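*Asks:* This is the structure, below, for whatever I ask next.
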Amino acid sequence: MTRRYKLVSYTLIVGLLVMVSAVILSSRNGADEPEKTVPTVDHEKLVADYQKEVRLALAGYSVIAAKENLHAEEIREVENDFLAIKGVPAEYRDLHARLFFALAQIENSLASGDLKALQDGQNKIGEAKAANAWLK
């Protein structure tokens, strides 16, 4: 009986040491990783840069829209300008999407010849400009 008792005790001790070693090693692995930090963003600069880029893109649209003959390819270039804008502030995401989809609607209407959809897309851009003084 004592031999069996020694064998069970030895097995329990070895098992316990293995579990403690595993816990210690797993906690060390997490400590070796550098802390991940989120870069700070100057929100005012982000907003100012965004507004500047949107005004430039819409100025390009205004030049195109003033022409007698609009072409879908020219509108697509303005859409690409909108897609190239990096760092859209959260408060302008909805506006950004509305302007982009209005441009897409204008492009599609030019390709299909749907004058009603063309006018609707142009109205959406006009409404966005009217609702946001910085776009004027």
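*Asks:* Just the residues that are in a loop (DSSP other than H, G, I, E, B) and modelled with pLDDT under 90, please, taken from region 67-85.
*Replies:* Within region 67-85, LYS67, GLU68, ASN69, LEU70, HIS71 meet the criteria.
*Asks:* Then there is this: Can you report the number of residues in region 102-136 which are surrounded by 14 or more Cβ atoms within 10 Å (Cβ to Cβ) and not acidic (Asp, Glu)? If you could, list the steps in order and put the result at the bottom.
*Replies:* Going residue by residue through region 102-136, those that are surrounded by 14 or more Cβ atoms within 10 Å (Cβ to Cβ) are 102-110, 114, 117-118, 120-122, 124-125, 128-129, 132, 135.
Within this subset, residues satisfying the condition of being not acidic (Asp, Glu) are 102-106, 108-110, 117-118, 121-122, 124-125, 128-129, 132, 135.
Residues flagged as surrounded by 14 or more Cβ atoms within 10 Å (Cβ to Cβ) and not acidic (Asp, Glu) within region 102-136 amount to 18.
*Asks:* Out of LYS45, LYS6, I need the residue that is surrounded by 10 or more Cβ atoms within 10 Å (Cβ to Cβ), modelled with pLDDT under 75 and basic (Lys, Arg). Which one?
*Replies:* Exactly one residue qualifies, and that residue is LYS6.
*Asks:* List, please: which pairs have Cβ atoms under 7 Å, are six or more places apart or on different chains, and start with a residue in region 86-112 that is under 13 Å from HIS71 (Cα atoms) and end with one that is surrounded by 17 or more Cβ atoms within 10 Å (Cβ to Cβ) and of a type in the set (D, E, K, R)?
*Replies:* LEU103/GLU79; ALA104/GLU79; GLU107/GLU79
*Asks:* What single numbered condition from (1) loosely packed, with under 13 Cβ neighbours inside 10 Å; (2) within 20 Å of the chain's Cα centre (by Cα); (3) among the charged types (D, E, K, R) fails to hold for GLU68?
*Replies:* Going through the list (1) loosely packed, with under 13 Cβ neighbours inside 10 Å; (2) within 20 Å of the chain's Cα centre (by Cα); (3) among the charged types (D, E, K, R), GLU68 breaks only (2).
The values are calculated or read from the model by the stated rules, or taken from the named source; none is laboratory data. For clarity, every value in this text was computed on a predicted model and none was experimentally measured. Cβ sites come from the backbone with ideal geometry, for glycine too, and all protein chains shown count toward neighbours.
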